[in-house]
Structure formats: structure tokens, C-alpha cells
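Before any comments, here is the structure.
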Amino acid sequence: MIFKYTGTFLLPTLALMLISFAAYSRFERASMLEILHSDFVRTARAKGISQSRVIFRHAFRNALIPVATLFSLNFGAVLSGAIITETVFGWAGMGTLLVNSVRQFDPPMLMGWLAVTATLIVLFNLIADVVYGVLDPRIRLG
């Protein structure tokens, strides 16, 4: 039964993922280049830790912090309404709700949409803050 709906979700999911994939990879690359020249990475290399362990245990985790920020903002934005993707694939979602309420001038619906969207953005920013603590132990609160 699961395979029946896989094709239905595959193309919209790919469309939404590929929009942000270039930005994620550019942010990760820039962050990784900056982190690889930092003092704690040089210290780890000087201790004799293997190159792969230095990259994955030390550098990569710290380089994921800006990407976690970008991901949380994009995820909240995608859930609040991907108008073009919903239009192309014929799905009625938050984007369609926004467009219809603007066309019909429905202020209560617009305020509800705004409240849900703002709540999602705040929620995903909170999740990103928790992820920061997991990625970098120096960020954790005492």
C-alpha cells in the first residue's frame, strides 16, 4: 500500500529539495573551508588524529551549524506554502490557501495563515537551537 503513494510524493519532494540543495552545498563548502583553517582543527591534526576523524568528528560537525540555521528557515518556509509546487502538482496546501484568501480578501483566514506560519518558523528555529547544542558541545548551556 505504501508503494501506491510513493510516485505521488516523489516529484513534489524532489522539486522542493532541489530548490534549496545548491544553497545548502554552498553554505557547507564555505563553512568547511573556514573551519578547516581554524585552531582546533590544527591542534587535532598536531595530536596525530587521522585526517578522516579530524574532518568528520571536528570540522564537519562545526561546519553544519550555518546549514542547520538555513535548513530550519527553509523548512518552515516550505511548510508555510510552496505556492508554485502546489500549483504545478495540483495539491491544495498552505500556499493555495494563502492565494485564495488574498483573492477573496478574507482577513481572518490571512491572520490564521500568518499565525500558523509564524508558529512554524519559531518552532523550527527552536529546533535549530537544540541541534546547535548537539553539533557543538561548546554551545550547550550549563
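The values are calculated or read from the model by the stated rules, or taken from the named source; none is laboratory data. Computed from a prediction, not measured in an experiment: that's the story for all the values here. Here the Cβ is made from the backbone with ideal geometry for all residues, glycine too, and neighbour counts use every protein chain on show.
What the table below lists for this structure:
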item	result
Any hit, the range 117-138, residues being part of a helix (DSSP H, G or I), in contact with a helix residue (DSSP H, G or I) (Cβ under 8 Å, 6 or more places away or on another chain) and acidic (Asp, Glu)	no
Checking SER52 against (1) surrounded by 12 or more Cβ atoms within 10 Å (Cβ to Cβ); (2) free of Cβ contacts under 8 Å to residues at least 24 places away in the same chain; (3) of a type outside the set (Lys, Arg); (4) in a helix (DSSP H, G or I), the condition it does not meet	(1)
Qualifying positions in the range 94-110 - in a helix (DSSP H, G or I) and of a type in the set (S, T, N, Q)	THR96, ASN100, SER101
Residues located in the range 24-49, provided they are farther than 30 Å from VAL122 by Cβ, of a type outside the set (Val, Ile, Thr) and part of a helix (DSSP H, G or I)	LEU33, LEU36, ASP39, PHE40, ARG42, ALA44, ARG45, ALA46
Of the criteria (1) part of a helix (DSSP H, G or I); (2) modelled with pLDDT under 85; (3) not hydroxyl-bearing (Ser, Thr, Tyr), which one TRP91 fails	(1)
Number of positions in the range 105-127 that are among the acidic types (Asp, Glu) and either closer than 20 Å to LEU70 by Cα or exposed (fewer than 14 other Cβ atoms within 10 Å of the Cβ) (or both)	0
Filter pass, GLY142 being part of a loop (DSSP other than H, G, I, E, B) and either charged (D, E, K, R) or at pLDDT 85 or above (or both)	no
Among the residues listed as VAL88, VAL102, VAL130, VAL134, the single one being in contact (Cβ under 8 Å) with a residue 60 or more places away in the chain, surrounded by fewer than 14 Cβ atoms within 10 Å (Cβ to Cβ) and hydrophobic (A, V, I, L, M, F, W, C)	VAL88
